[in-house]
1. With all protein chains present and a 1.4 Å probe, how do D122, D297, D39 order by accessible area, largest first?
2. Using every alpha carbon pair in the chain, what percent of pairs falls into each 20 Å bin from 0 up to the bin containing the largest distance?
3. What part of the accessible area of region 250-336, given as a whole %, is carbon or sulfur when the probe is 1.4 angstrom?
4. Heavy atoms of the protein only, probe of 1.4 Å, neighbouring chains included. What is the accessible area of V261 in Å², nearest 10?
5. What length, rounded to one decimal in nm, is gained on full extension from V94 through to L250, with 0.36 nm per residue of separation minus their alpha-carbon distance?
6. Quick one: compute the contact order of the chain, relative version, from alpha carbon pairs under 8 angstrom and 6+ residues apart, as a percent.
7. When only C-alpha pairs under 8 Å and at least 6 residues apart count, what is the relative contact order of region 1-120, in percent?
8. Helix 182-207 against the longest principal axis of the chain: what's the angle in degrees, Cα atoms only, rounded to the nearest 10?
Amino acid sequence: MSLRRQFFKFTIPSIVSMWIYSLYTIVDGIFVSNGVGEDALAAVNLVQPYVNVMFAIGIFFATGTSTVISLELGKGDRNRACRFFNQNLVVVAVFCLTFSALTLLFTDPLARFLGGSEATLDYVKQYITAIAPFAVFFAISYNLEIQVKADGSPQVSTIGVLSCGLANVILDYLFVIVLEWGVWGAALATGLAQSTSTVVFTCYFFFRKKRLQFGRFGRELSVYKRIIPLGLSEGLSEFFNGLVILAFNLAIIRVLGADKVASYTIVGYVHMMVLMTMSGASQGMQPLVSYNLGAGDRKTCHKLLRYGLALCGGASLVLFAVAELFAPAIVSWFLEESSDLYGYTIYALRLFAPAFLIAGINVVMAAFFTAVEKPRYAFPIAVGRGCVLMFLSLGITAFVLGGDAIWLTAALSEVLCLVLTAVFSVKYFKALKKKAL
């Protein structure tokens, strides 16, 4: 199989998987907005940072472990790769069960911290209470999905997340529209849907005998000295996505008014689809890069990087055009044309869309640096675009420029991060050239 075909074999299913992951939240929003109302839609967005944390746990452990496993497989050490795989699942499960217990103990203060107001507090608490018990399924499902791709079966990851997506749509319709369980029902549907993909991936590894499989457990905790730095960039990116949503929610309430949170919810859904496209491409590329690095073929690693940048560059242009040209159609999925927020949300989405043109480069380069075990480059890019630069940009647009300039925050942040990415890219290739001389 040619390298290009192998690249697309991994990245396309990965992108599709990430789209379906995004649709879990979006489907909740569509059913909640049409079945309950705009306040409930805003509440779903207020809870999104909490959901991001659940995903961040899975990504943090999965990305670092996937890189280490791919390196071991590239070296031909299957037994050690299996031990790392099983040890990782035990650690994730213990971590998530503790997380769920703490959430249920402190639901009320957590709901208020997330921005729950008089109109949305009850909705926020309902959503958190229903979804918290499923944290272990969120993290392990996402974790196994990445490991499936590292194991060389990206098509199975697509089957798993597709089953989850279909279950979420069916259960959302049943719980929210038919049974009228409202926000609580939407959260329950999402949690149960995650359980279905977990079952699919568990069955895959249970019957898998050639590469990775359950059963071989090793207490090699020292490997986390490698896993933690490698997982930090991707895990913190997801965690910071939640912090950014929280900060945006609070800033919008202060600068534009609480009613505009519903507009940000819709803009945020589109932004999430764009970021998931870039993340899917980078995560599909990552195990291939790590495998070839383990095999000592750095030239192929760089060719894969070029493929990743080209794919994300083309996707960025298409997604930007879709957001600009079809903004009314997108907004109409959530709001009636008679809604006071309908026209404003279209305007906000079009202001926000230029951020889509740059995001892919930063995401792909951070993933590449992780795959070649350069966390000192990947980590600043991830933290920069995910947190520091975003908060700096939010401060400038919301509290210096003020008003509708807040919708330009993401574009400003991505431009600043692009400068950082360029600096580290030059350093990396200069160091390689110097080493080759």
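1. Descending order: D122, D39, D297.
2. The distribution over the chain is 27, 59, 14, 0, given as percents.
3. Answer for region 250-336 is 65 percent, counting heavy atoms of protein chains only.
4. My reading of the accessible area for V261 is about 0 Å².
5. Contour length minus Cα-Cα distance gives 52.9 nm.
6. Rounded, it is 23 percent for the chain.
7. Answer for region 1-120 is 28 percent.
8. That helix lies at roughly 10 degrees to the long axis.
The values are calculated or read from the model by the stated rules, or taken from the named source; none is laboratory data. Fair warning: this is a prediction, and the values are worked out from it, not measured in the lab. We place every Cβ from the backbone using ideal geometry, glycine too, and count neighbours over all the protein chains shown. For accessibility, only protein heavy atoms count, side chains too; no ligands or nucleic acids. Shrake-Rupley method; radii C 1.70, N 1.55, O 1.52, S 1.80 Å.
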